1. List every residue whose amide H lies under 5 Å from the amide H of Gln48, counting only residues 5 or more places away in sequence or on a different chain, with H placed 1.01 Å from N in the peptide plane.
2. Cα to Cα, under 17 Å, and not fewer than 8 places away if on the same chain: which lysines meet these conditions relative to Lys252?
3. Among all the lysines, which ones have a C-alpha under 16 Å from Lys194's C-alpha, if same-chain residues fewer than 8 places away are not counted?
4. Of all GluC sites (Glu not before Pro) in segment 177-234, which ones are in loop regions per DSSP and have a Cβ with at most 11 other Cβ atoms within 10 Å?
5. Can you list the lysines whose alpha carbon is less than 25 Å from that of Lys366, not counting same-chain residues fewer than 8 positions off?
6. Kindly provide the GluC sites (Glu not before Pro) of segment 75-141 that DSSP labels as loop, not H, G, I, E or B, and whose Cβ sees at most 14 other Cβ atoms within 10 Å.
Amino acid sequence: MKRLALTILLVFTMVWQSVQAQHTAGQNPSTKSFTILKQLPITSIKNQWRSGTCWDYGTLGFLEAEILRKTGKTYDLCEMFVVNKDYMDNATHYVRMHGYSQISEGGSCDDVVDVIRNHGICPENAMPAPGSLTGDTLANFRVFFPEFEREVISAVWSNGPRELNRFTTEEQAPLRNKEPKAHWQDSVQSVIEKYVGRCPETFEYEGRTWTPMEFAASLQLDMDDYVSLTSYTHHPFNQWFVIEAPYKWRLKPSYNIPIDELMAALDYALDKGFTVAWGGDVSGNFNIQPAVSDLPDSLLSITGQSAVAADPQAQTARLQQLRQEQWDDWTFTYDHVMLIYGKAVDENGRPFYLVKNTWGEIGPYKGTWYMSRDYIALNTTYIFLNRHALPNKLQKAVK
């Protein structure tokens, strides 16, 4: 678990540092140029910094865009409020599973929706900035999360974590407590608040006093409106299933449809004026320039998006097969969440999407990434969107 998390964090850090260095130097090595076809309103670019919270920043950015679409009002919702509540929910799940569960910085769009539904939300300025608690200027979980993980594990295991393969004999393996350590919730909550702050019971905003639940209700969002769509062949199409990914510990299901239908649903939503949260892979098989994600040339013809296919059905079938192969052999993982908010074409007329990233205003496009349709089609784990953004037939199916 730690090895996977550290690997993903290292990839993010290397990409971020590379792009930041080029941006700082005033260089733009990308030879691509884009014509924007559609650009929906979004809120400002945020920075998850040294924390594995893209799921939090990306989903709140999506919900802020939803509020902007519905009301015209701009909000800056508090990521650390979500972290506080979600990590305690994660710890509770781990203990209730007797230690046979995932403790992770990562998560999914469903985590944010569940936090808001069950705990509410507050504006950014209603909680202390994480930097005021950790000594960094932004969220830095390098000290916080290992301490949090140790505290949660100790509630279940008397002498260490549960990975038995670290030990040569059964006698050396960690021992599970006969019951959870007394008052473990208080100890875990204390660690969370030490680093990310205490969630306010009430706060002042726009001239009145709110509770987090009252504030959430005022945003005019229905948390039951949001659904996750995916596309894999190891489960039947047109049914719900829980994506088997380490960071989806809440076990919320996604609706499984063929990849061509999923891409059509994405385009349909954007054309209707709805942004779409995207969960997928940014560390696997793709070309990366500063803020441009695309597939290697060897894969472009397989996807059938950039070349004229002699047999479109065969191309779609091969794409579906390749997605499954890369998911099964771990070439393609679920390691990032961002916000898709528009469409563009490059200088060759190939389709790309405008994607709001969570790494701050870096790169030639100030925090926006251009991701090719080829790349999205192959490397999407799920899309998360308002059910009212779907075509009628699909909208009825996901009710």
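1. When sequence neighbours closer than 5 places are left aside, the close amide H contacts are Trp359, Gly360.
2. The qualifying lysines are Lys399.
3. In chain and number order, the partners are Lys85.
4. On the way: sites: Glu193, Glu201, Glu204, Glu206, Glu214; in loops: Glu201, Glu206.
Sparse-neighbourhood loop GluC sites (Glu not before Pro): Glu201, Glu206.
5. By straight Cα distance, Lys366 reaches Lys32, Lys38, Lys46, Lys73, Lys343, Lys356.
6. Working: sites: Glu79, Glu105, Glu124; in loops: Glu105.
Answer in residue order: no site qualifies.
Bear in mind these aren't lab numbers, they're just calculated from the coordinates by the rules spelled out. Here the structure is a predicted model, which means the values were calculated and not measured. We place every Cβ from the backbone using ideal geometry, glycine too, and count neighbours over all the protein chains shown.
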